Every structure is written in C-alpha cells, then in structure tokens.
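The values are calculated or read from the model by the stated rules, or taken from the named source; none is laboratory data. Owing to the predicted nature of the structure, the values given are computational and were not obtained by experimental measurement. Here the Cβ positions follow ideal geometry from the backbone for every residue, glycine too, while neighbour counts run over all protein chains shown.
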C-alpha cells in the first residue's frame, strides 16, 4: 500500500453518515425489536452503494462502505463473536470529569441509549461467519461502478474490543486479549481474502490511556500497548503487511482532550505492529502540532503515514491550501512517497452520533481531495 504514480492518495478512517431511516433500523436491532432481516439487509446494500458513490464523487481514492452495516466501529463485535452476554460495561473519560457541562453534552449523544457493550462472560468463538463476507460483497459490488477506487474495510482491534467489553471470564488480561485475537482472525482474513485492504481500529493504543487505564503509569500503559500490538500481530499473521493499515485514536468525541497521552510518548511502539500504514489524528487542536515528532524520528523502512489532515468534530470546511500544507508537514519529514492524506477519525463512529452536518462531511472530503491535488502538483511538478 503506497501512493499511486506521482500523487498523494486520499482516504478516510471509516464511518460516514448513515441515512436517517437506516439509523432507526439500527436502533431497533440494537434494542432487540422485531426486524425484517431481508429488508434491513437490502437497505444496507443500498446505503453502501450510495456512500461509495459519494466518496468517488468527492475524489477520495481509497474508499469503504462507510460502516453502514454496523452500530459502531467496535460494538458490532458482540454480534459476530460468542462470549458476550454479561452486564453492560462503562468507563471514564478522564478529560471530561473536570467539565460537568461538557460531560453532560457528550453523554446526551442520541445514540448512547441504544449502545450495547455486554461484558465477556463465556469463551470467545466465532458466531457469525457470514456477516463480514456480506460486508465485503456489498463493498465490491458498489465499487465496481466506481473505477479507479481502492477498497478498504475496517475491523475492531483485539485491544479496543477488550476496552469496550469488560472481561468477566478469562483469568488474565493477556488470556482475554489473545482469545479476542483468535476470534477476530476470521474477520480479518475474510476481508483480506476478498482482496480488500484491512484497517484495524486501535483507539486502545491512545484513548485507552485516559479511559480504562487511568491507574497505569506511562511505562505500564506502554506494556499494555505492547500486549495489544502483539495480539494484532497474532490475528493478522497470515495477511501481508502491505494489505494492512491501523488507526490510532485518542477518542472521537467533543471533549477537551487535555489528558491525551502525547504522540511522542507512544509513537515508537507503533512500529512493532505488522500493518504497513499508520493512521493518526493530526488536524485537531490537540494533536495538530505533533508533526514535529518526526523531526527526531526516522520512519522505519516500509512504513507509511496517513496523518489526519481533516478534522471530524467541526463544521468548518478546511481550505484545500491548508490541507496541502498539512500534507507537506509530513512529506517534508518522511518523504513524499511515504505519506497519504486522511481524516482524524470517523465522522459517525456510532449510529446516531456525529457532530458534523452530513452535507458538510462530503464537502470536507472534497476539500481533502483538492488539497491532495495541490500538494501533489508541488511535490511532483510537471507530472
């Protein structure tokens, strides 16, 4: 996975706005209400077709299904793996505890009451072998009408699954995370076997620091990172690194984020992971300055950076020149061939959530593509 001839490729993190009627169907399914399964699946297929077409219209190169079939980027795992039947999980966002009004607004997210995160209370095993294949089929059918686009599908990491779903069954965190890794192997390999790039979503590698792992020192948190990365490597062992990318995230919620672990304190750990490409937040006000980390760090051979050059919690539409400048910050430091352009996170990581007007989302992605064209003309003059 590398840039195309003479230009910066563009992509995004995964979730895109779902149609309002599909959101309501998703809520009904999460709440256990009766649902016409064939009708639901047909609505998902149509939504995937539409969201792929929109990405292509915006000029995005590496596109996905917008996660239209999932209630969220992580909680869908409960429907595909056995073992999750315990009582609901909860955790603390340390940064919002100091700001009660902000906390109240975040917890008032309209999709929150439909979000299900049952604890693990039994052995983990694959429950649904076909859901991921259906996702792949829907994406490939949609992309057939959009020539030149490259497909990717996202999947939760073992670590973020453990973050969302409390362990009430396994004797240790290591046993739990590795059991999840073994359970997710089918999901990962099915995506790769379909010829689709696999994106492993890993908020646990950053957001975990100020949520579940509040009591850990930085050194202890890095040890937890090492465990979760080892689980990724175990689950993806049969997939070539160039067909893999991973997303690092400090949490896509409109909080102050002043408790986020700095990139400089964890970046060296990322090179241990098998995925060739690393996606990370680089546009929002808390992390936009961290490109300077690469003044002192040499990018390991074979690795590719996908910095977020579009922020996903604001209705401001980034100017294409700003996008080009943000791309340049990384291209100047690690080389033009080792950079793609992405977004900080998903735009609608949970069904019913998302602070950006859906119409603005598409304009943001169009600005992403235009900014990449501007930057490409500067880094490959005359091409």
Tell me which residues, restricted to the stretch 36-48, are touching a helix residue (DSSP H, G or I) at 6+ places or on another chain (Cβ under 8 Å) and either crowded, with 20+ Cβ neighbours inside 10 Å or under 25 Å from residue 118 (Cβ atoms) (or both).
40, 41, 44, 47, 48
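Sort out which residues of the stretch 117-134 are under 20 Å from the mean Cα position of the chain (by Cα) and either more than 28 Å from residue 17 (Cα to Cα) or surrounded by fewer than 18 Cβ atoms within 10 Å (Cβ to Cβ) (or both), and write them in order of number.
Step one: filter the stretch 117-134 for residues under 20 Å from the mean Cα position of the chain (by Cα), giving 117, 131-134.
Residues satisfying the conditions are 131, 133, 134.
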Residue 341 passes all but one of the listed conditions (1) out of contact with any helix residue (DSSP H, G or I) (no Cβ under 6 Å at 6 or more places or on another chain); (2) modelled with pLDDT of 95 or more; the exception is number (1)
May I ask you to verify whether residue 209 is touching a residue at least 12 places away in the same chain (Cβ under 8 Å), part of a helix (DSSP H, G or I) and buried (at least 16 other Cβ atoms within 10 Å of the Cβ)?
yes
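Collect the residues in the stretch 7-35 that are crowded, with 24+ Cβ neighbours inside 10 Å and over 30 Å from residue 331 (Cα atoms), keeping them in residue-number order.
Keep residues of the stretch 7-35 that are crowded, with 24+ Cβ neighbours inside 10 Å, which gives 8, 10-16, 18, 26.
Of everything in the stretch 7-35, those that are crowded, with 24+ Cβ neighbours inside 10 Å and over 30 Å from residue 331 (Cα atoms) turn out to be 18, 26.
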Can you work out which of the residues in the stretch 284-297 that are farther than 20 Å from residue 253 by Cα and in contact (Cβ under 8 Å) with a residue 12 or more places away in the chain is nearest to the chain's Cα centre (by Cα)?
291
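Identify all residues within the stretch 117-145 that are touching a strand residue (DSSP E or B) at 6+ places or on another chain (Cβ under 7 Å) and modelled with pLDDT under 95; write none if there are none. Please lay out each step first, then the result.
Narrowing the stretch 117-145 to residues touching a strand residue (DSSP E or B) at 6+ places or on another chain (Cβ under 7 Å): 117-127, 135-136, 139-140, 143.
Correct list: 117, 118, 119.
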Top-ranked residue in the stretch 166-176 [being in contact with a helix residue (DSSP H, G or I) (Cβ under 7 Å, 6 or more places away or on another chain) and under 14 Å from residue 123 (Cβ atoms); ranked as surrounded by the most Cβ atoms within 10 Å (Cβ to Cβ)]
176
